[in-house]
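These notes concern the structure reproduced below.
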Amino acid sequence: MGKRKQVRVGPPPATAEEFGDALLAAAPGDADLLAPGFTLPAELAEAADRTGQQLIDRACRGGWLPEDLHQAARRRLDEFAGSYLLDTLAAYAGQFSAVHPAWREQLEAAGAVRWWTETEPHLPQWAAKHILTPSEAVAAVIEAFGLLKTLPALTVVLPAPGTPLERPVRQHVDEKKLSRVRALLAKAESSSFPEEAEALSAKAQELMTRHALDRVLVESAEAAPDRPAARRIWLDTPYTDAKSLLVHVVATANRCHAVFDPRWEFVTVIGDEDDLDSVALLTTSLLIQATRAMIADPAGRSRPFRKSFLVSYATRIGERLERAAEATIAQAPELLPVLASHERNVAAAFTTLFPEVVNKSVTVRSHEGWGAGRAAADRARLGE
């Protein structure tokens, strides 16, 4: 783990209130105003912790989930500031007894846990853990607060901690089905024999569609079926607009709707919980396969080629997934009215959450990349 550059010059704020206000007003580099002998007495450390939790509260009530904050920190902060942000998130969540199970799962997955002694302020303990001087620790705090101050409001997809749950959260997840799909996709990702692809084509999608039909049939008899849920899928750069197209076609094949946020490079998917699991699993596998095929292509070194490759790959994958889903649904025509009602519910939920969606196209500038991407999609293993 690296060390921060030593900071220099100037008197610190005199009171806890002044210190909290100074942290909120500070910009990166302002920790340089602290004198070399700067220390963090308990009252200043507590002021920093309180300010951090206020900013976290604002973010969470503005729609940001633990995974969102983790991904934003990974992209925008260094390791020290990111670590402090996650600790602050853990401290914030620990205040509440009412926390949505999915929110708590994201918190644990992000690695945000309370590890410090509660009888002392968190900040000095965190600084000691990372072998940072007080002024270096303050520099990390300023960086973390700088990100939190700029976070815009997002569409709320899960209630913030402290919000009473309207009704018990039911879990429809079929772990046996998910385990089978995961095993199939892991095999697909590790294979070096693309010629096997056609023999394996669309089986995972078929399995997911069959399970969805069974679930829809059961839910049609319920007095109050679950409302559609939402989930965000974060994409790694580059070519996130092209990658978002892949998420979109996978979502469509699994009876979901999707919208891309180019500011933060994530896709929000709306649908049933089980369908959202299917979208996340299949998208992850196909992105791995697409990236591997793109890099392996000897012609694929230019940006136009690679972006065109991914757009073509997504387009062709969408065709294959749609065909596989339609074939499975055709075996149960009696469920068509139920599916139509389900799709209307998902569409209505999407419109409520995103009333002003704008459709945008993705430009393709390489004919060779388009052809290579389509060929790679034909070879992609969708399961067995």
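Numbers at a glance
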item: Added length on full extension, which subtracts the Cα-Cα distance from 0.36 nm per residue, R323 to V358; result: 9.9 nm
item: Near-label residues of the stretch 117-157 by backbone N, under 15 Å of a point 7 Å along Cα→Cβ of Q54; result: 142, 145-146, 148-150
item: Placed amide H near V157: partners under 5 Å, 5+ positions off or other chain; result: none
item: Accessible area (Å², per residue) of the stretch 315-364, counting only protein heavy atoms and a probe of 1.4 Å; result: 64 Å²
item: Segment E43-R301, length gained on full extension (0.36 nm per residue, minus Cα span); result: 87.4 nm
item: For the stretch 252-384: Kirkwood Rh in Å [reciprocal of mean 1/r, alpha carbons]; result: 16.5 Å
item: Extended-chain gain in nm, criterion 0.36 nm per residue less alpha-carbon gap, S341 and R379; result: 10.2 nm
item: Accessible-area ranking of R316, R292, largest first, probe 1.4 Å; result: R292, R316
item: Taking the stretch 260-380 and dividing mean pair separation by its residue count, relative contact order in percent (alpha carbons under 8 Å, at least six apart); result: 44 percent
item: Placed amide H near W234: partners under 5 Å, 5+ positions off or other chain; result: V267
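The values are calculated or read from the model by the stated rules, or taken from the named source; none is laboratory data. These numbers come from a predicted model, not from an experiment. Reconstructed Cβ throughout: ideal geometry from the backbone, glycine too, with neighbour counts over all protein chains shown. For accessibility, only protein heavy atoms count, side chains too; no ligands or nucleic acids. Shrake-Rupley method; radii C 1.70, N 1.55, O 1.52, S 1.80 Å.
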